[in-house]
Amino acid sequence: MTVYCATSNKGKLKEFQMAAPDFDVRALPVSVPPPEETGDTFEVNAVEKALAYGAHTDEYLFADDSGLEVDALGGAPGVISARYAGEHATDAQNNALLLAKLRGVADRTARFVCVIALVKSGKLVKTFRGSVEGRIIGEPRGGTGFGYDPLFYHEPFGCTFGEATLEQKMQVSHRAQALEEMFAYLRLL
C-alpha cells in the first residue's frame, strides 16, 4: 500500500520509511506550500497539516507534529521546537537556546512527543500519539539524528539519541511509537 507523508524533512522521511518496510511511504509528489502552524498542541498542528496536504491526494496521507517538552520550562519548547530560536533557526541555534534556558537548572527531565494525523480523500481518519522520556544533558553529544537528539539522553541506551544508531532510536522513539500505531491500524484495513 502506498501512503504519502507530508514532510520535507529528510530525516523524518527516512524514519517514516524504516518504520514500515511493507508499505511504500512516499513524500507527496506535488509541491504544496506548508500551512502555517497555529495550533497550541501537537494534535491540532498535525491535523491542520494533514488536512492541508491531504487535499492534494485521494490516497492515505499522514502528517506529524512533534517536539520536545522540558518539564522545568513548563513544556517548552513544545509545539515551537523547530522554531524555538526563531523562524529560520538551525538545530544548533535551537539547542544553544535550550541550554541557555536550562543553565543552573537541576531538573532536566524531558520527553519527545509525536502526534500523527492520518487523512484520506481530505478527511481526518485518526490520530496516533507517541512519547519517550529522557533528560537534557549539558552539551551536545553524537553526530546522528537531528533536532535536539544530541542533547536528549535516554537512560536505557546510556547515551543521547545523537549517539544512538537510527535503528536503536527507531525501537523506542516518539515518532516510531506513533508510526507503529498508525501502520498497525492500516494493516487491518
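The values are calculated or read from the model by the stated rules, or taken from the named source; none is laboratory data. Computed from a predicted model, the values in this text were never measured in an experiment. Quick reminder, even Gly has a Cβ in these numbers, built from the backbone with ideal geometry, and neighbours come from all protein chains shown.
The residues of region 97-119 that are more than 18 Å from ALA82 (Cβ to Cβ) and either crowded, with 17+ Cβ neighbours inside 10 Å or in contact with a Ser or Thr (Cβ under 8 Å, 6 or more places away or on another chain) (or both), listed by number, are LEU102, ARG108, LEU118, VAL119. Among residues of region 145-156 that are under 11 Å from LEU98 (Cα atoms), those with a Cβ under 7 angstrom from a residue that is of a type outside the set (Ser, Thr, Tyr) and not in a helix (DSSP H, G or I), sequence gap 6+ or separate chain, pair up as TYR148/LEU68; LEU151/ILE136; LEU151/ILE137; LEU151/PRO140.
Take LEU99 and tell me if it is under 18 Å from GLU37 (Cα atoms) and at pLDDT 95 or above. No: the conditions fail for LEU99.
When we screen LYS126, LYS169 for residues that are touching a strand residue (DSSP E or B) at 6+ places or on another chain (Cβ under 9 Å) and at pLDDT below 95, the only hit is LYS169.
Per the listing ALA63, ALA50, the residue uniquely in a strand (DSSP E or B) and in contact (Cβ under 8 Å) with a residue 40 or more places away in the chain is ALA63.
The residues of region 102-120 that are touching a Phe, Trp or Tyr at 6+ places or on another chain (Cβ under 9 Å) and either over 18 Å from HIS154 (Cα atoms) or part of a loop (DSSP other than H, G, I, E, B) (or both), listed by number, are ARG108, VAL115, ILE116, ALA117, LEU118, VAL119, LYS120.
Taken over region 172-189, the criterion of being modelled with pLDDT under 95 and hydroxyl-bearing (Ser, Thr, Tyr) is satisfied by SER173 alone. Only one of the numbered conditions (1) surrounded by 16 or more Cβ atoms within 10 Å (Cβ to Cβ); (2) not in a helix (DSSP H, G or I) is not met by ASN94, and that is (2).
Restricting to region 1-47, and then to whatever is among the acidic types (Asp, Glu) and outside any helix (DSSP H, G or I), can you tell me which residue is farthest from the chain's Cα centre (by Cα)? Among those residues, the one meeting the criterion is ASP22.
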